[in-house]
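Engineer: Let me begin by handing over the structure; questions about it come next.
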Amino acid sequence: MATHKDDLDTDEVLANEEELQNALCVLAGSDPENCSYSRGYVKRQAVFACNTCTPSAAQPAGVCLACANKCHDGHDIFELYTKRNFRCDCGNSKFGDFQCHLCPVKDEENVRNHYNHNFNGCYCTCDRPYPDTDDQNDDEMIQCVVCEDWFHSRHLGCTTVEPEELQEMVCEACMNKAPFLWIYAAHFAAPPVINIGHPAEEEEEVEVDVEDEDCEPSRSGDEEPSTSSEHTKQEEAANRSSPCKRTHEEMSDSPGAATTRTVECKLKELQAQGRERLRRGAVFWPYSWRSELCTCTSCKRAYVAAEVQFLMDQSDTILAYEEKGLDEPFGQHPLMALTSSMDHVQQLEVIYGFNELKTSISAFLEQCVSEGKTVTVEAVHQFFEELRARKRRRTNAGYQ
């Protein structure tokens, strides 16, 4: 029994360490010092919403990491993880008279930004906050790579799978928004396991035999691929026809390892094989699945029409962004050992505080150098006393 408990404790420690490392990756992949507005619509960055400055659901707004730290310090902040093609809103017309401290001159609105209910602190189809003090279920939340909303695993309409093998999830609504993805799902995604039953009852998991389903591919207009290849090798077709029992190497191989095949429309070829799957529930994909998408002219038009053209970009993935974060100095930082027993919110508060302390010390030393001052013990004591006073003012303001 003791051994079993030790194993559980070890698993919990590893899970907390992995969660903290992911948080560090998110922060390290974005600039903590300079507002990202000048970089335009950034491919992917950490984004936050300020409930203090923009509480209205009718005027959602997001700010970059640097503005969250420097312009909205002490405010009620929602952490949104990352968003694609987003430009910092801090100080624009949505903020009234409030001006960005780092980049005060901005357009009134960023018309290409996409917003959802996450910017008002709500998530999932249940439209609940996170953390949710009224929710007694310890349920993992998973982000859809298309709409970038977060979902409780119990609200995905399917059974979740092991994250080390399957890296990306597309929710059912987004699958239906781009229905051609169901054809790829029949060949490259995890096999569907649907939950049957009412939420209050114990759910039964049913693995679906897709051969019995009368699901016809739904494509129209620009989604219709124009040509097809008649030379697909039988062995290749047989290997790709099975959606399950794929090895870990097949699930997680890099995009560069994918074999280039000369076909005019891969989607048409896959559809000709006749394999279908039940079109219900979220779909989990291996990291390499984007490299399987057809890039013929007709299919590219379909991606644009469905507003999912970013799926053709391997560097758009969360994994690519987090790997960029791992290349930063944080890596195996001692901060991870310090915060291993904290929950996610506390961990982020410590990380933000650490970043602020590092920035303040650098500014203090630079000021001493520029003014030709010697760094004395008294000056250091005064510096830290000012930091403590600033923290007390923020804490008191938070309770008013």
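Engineer: Over the heavy atoms of Asp127, what accessible area does a 1.4 Å probe trace out, to the nearest 10 Å²?
Structural biologist: 80 Å²
Engineer: Pull out the extension gain between Asp139 and Ala363, defined as 0.36 nm times the separation in residues minus the alpha carbon to alpha carbon distance; nm, one decimal.
Structural biologist: Working: separation 224, 0.36 × 224 = 80.64 nm, distance 4.18 nm.
Here the answer is 76.5 nm.
Engineer: Right, something else. Report the full-extension gain for the segment Lys300 to Ala57: residue separation times 0.36 nm, less the Cα-Cα distance, to one decimal in nm.
Structural biologist: Result for the pair: 84.1 nm of gain on full extension.
Engineer: Between Glu307 and Ser370, what is the spin-label point distance in nm, taking each point 7 Å from the Cα along the Cα→C-beta axis?
Structural biologist: 4.4 nm
Engineer: For region 70-82, what does the Karplus curve 6.51 cos²θ - 1.76 cosθ + 1.60, with θ = phi - 60°, yield as ³J(HN,Hα) per residue in whole Hz, taken in order and with x for Gly and Pro?
Structural biologist: Per-residue couplings from phi come out as 9, 8, 10, 4, x, 8, 7, 10, 9, 7, 9, 6, 10 Hz.
Engineer: With r as the distance between the Cβ atoms of Ser93 and Ser153 and R0 = 41 Å, compute the FRET efficiency 1/(1 + (r/R0)^6) and round to 0.05. Mind dumping the intermediate values first?
Structural biologist: On the way: r = 38 Å, r/R0 = 0.93.
Working from the Cβ atoms, E equals 0.60.
Engineer: Here's something else I'd like to know. Could you please put Thr295, Thr317 in sequence from largest to smallest accessible area, using a 1.4 Å probe?
Structural biologist: Values: Thr295 85, Thr317 0 Å².
The residues order as Thr295, Thr317, largest area first.
Engineer: Report the Cα-based extents of region 57-96 along its three principal axes, largest first, to the nearest Å.
Structural biologist: Answer, in whole Å and largest first: 25, 23, 16 Å.
Engineer: With charges only on Cβ, +1 for K and R and -1 for D and E, what is the dipole size of region 65-128 about its Cα centre, in debye, rounded to 20?
Structural biologist: Working: 8 positive and 9 negative charges, 59 e Å.
The dipole of region 65-128 has a size of about 280 debye.
Engineer: Assuming 0.36 nm per residue, please report the length gained on full extension of the stretch His75 to His101 beyond their Cα-Cα distance.
Structural biologist: This chain segment gains 7.9 nm when fully extended.
Engineer: Let me ask another. Over the alpha carbons of region 36-157, what is the largest minus smallest coordinate on each principal axis, giving the biggest first in Å?
Structural biologist: The Cα atoms of region 36-157 stretch 44, 28, 24 Å along their principal axes.
Engineer: Also: Take the cross-link list Lys43/Lys177; Lys106/Lys300; Lys106/Lys177 and give me the ones stretching past 24 Å between alpha-carbons.
Structural biologist: On the way: Lys43/Lys177 22 Å; Lys106/Lys300 33 Å; Lys106/Lys177 33 Å.
Beyond 24 Å between Cα atoms: Lys106/Lys300; Lys106/Lys177.
Engineer: To the nearest 10 square angstrom, how much accessible area does Ile361 have with a 1.4 angstrom probe?
Structural biologist: 60 Å²
Engineer: Largest first, what is the accessible-area ranking of His155, His187 with a 1.4 Å probe?
Structural biologist: On the way: His155 70, His187 0 Å².
Output order, biggest surface exposure first: His155, His187.
Engineer: For a Förster distance of 22 Å, can you work out the FRET efficiency between the beta-carbons of Asn355 and His381, rounded to the nearest 0.05?
Structural biologist: Between Asn355 and His381 the formula returns 0.45.
The values are calculated or read from the model by the stated rules, or taken from the named source; none is laboratory data. What you see is a predicted model, and the numbers here were worked out from it, not measured in a lab. Cβ sites come from the backbone with ideal geometry, for glycine too, and all protein chains shown count toward neighbours. Quick note on the areas: whole protein, heavy atoms, side chains included, nothing else; ligands and nucleic acids left out. Shrake-Rupley method; radii C 1.70, N 1.55, O 1.52, S 1.80 Å.
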